[in-house]
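Read the figures in this text as sums done on the coordinates, not as results from a lab. Treat the numbers as computed from the prediction; the structure is a model and nothing was measured. Here the Cβ positions follow ideal geometry from the backbone for every residue, glycine too, while neighbour counts run over all protein chains shown.
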Amino acid sequence: MGKALSDTAHTNAKGRHVDWRKSMSDNVAVALIVYTGLNIFLTVGAIRETGLKSLAMVCLVLLVAGIIPACRKIDRRWSDLPEDQAHDPALSPAFRRDQIVLWLAALGLPFALTLFFRSLG
């Protein structure tokens, strides 16, 4: 009975074992894809409208150069967990916090940059 209870303590709603390392790595990968796609479609459109191509490209390069190390830092925090902590349900609040920060940045930065360029134009 004790083993059954300890096994369920480390499972998600679908009954699978939660591995915070893999979950955060998956979140970072998808967030980078979404971030890049939003940058391409939103920001490039704003660049065309404003005519500030040089400034816009510099800002895009800086944002891409900044977001990759930031995402890597979040990913490394989780990927370096030892095996016993990788499945610890007590880390759920910290995981959720990092997940929210990651997705706010991935979704918010392209929209903020687009609004910035449109305000300049």
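Just a few scattered comments:
- For the range 98-121 versus the range 72-86, the spacing of their alpha-carbon centroids is 26 Å.
- Charge context of Ile47, other residues only, Cβ under 12 angstrom, K/R +1, D/E -1: +2
- Global form of the range 80-121, assessed from the alpha-carbon gyration tensor, a/c cut-off 1.5: prolate
- Using the Cβ-Cβ distance between Val34 and His87 with R0 set to 25 Å, the FRET efficiency works out to roughly 0.40.
- Take the Cα of Arg97, step 7 Å toward its Cβ, do the same at Leu115, and the gap between the two points is 2.6 nm.
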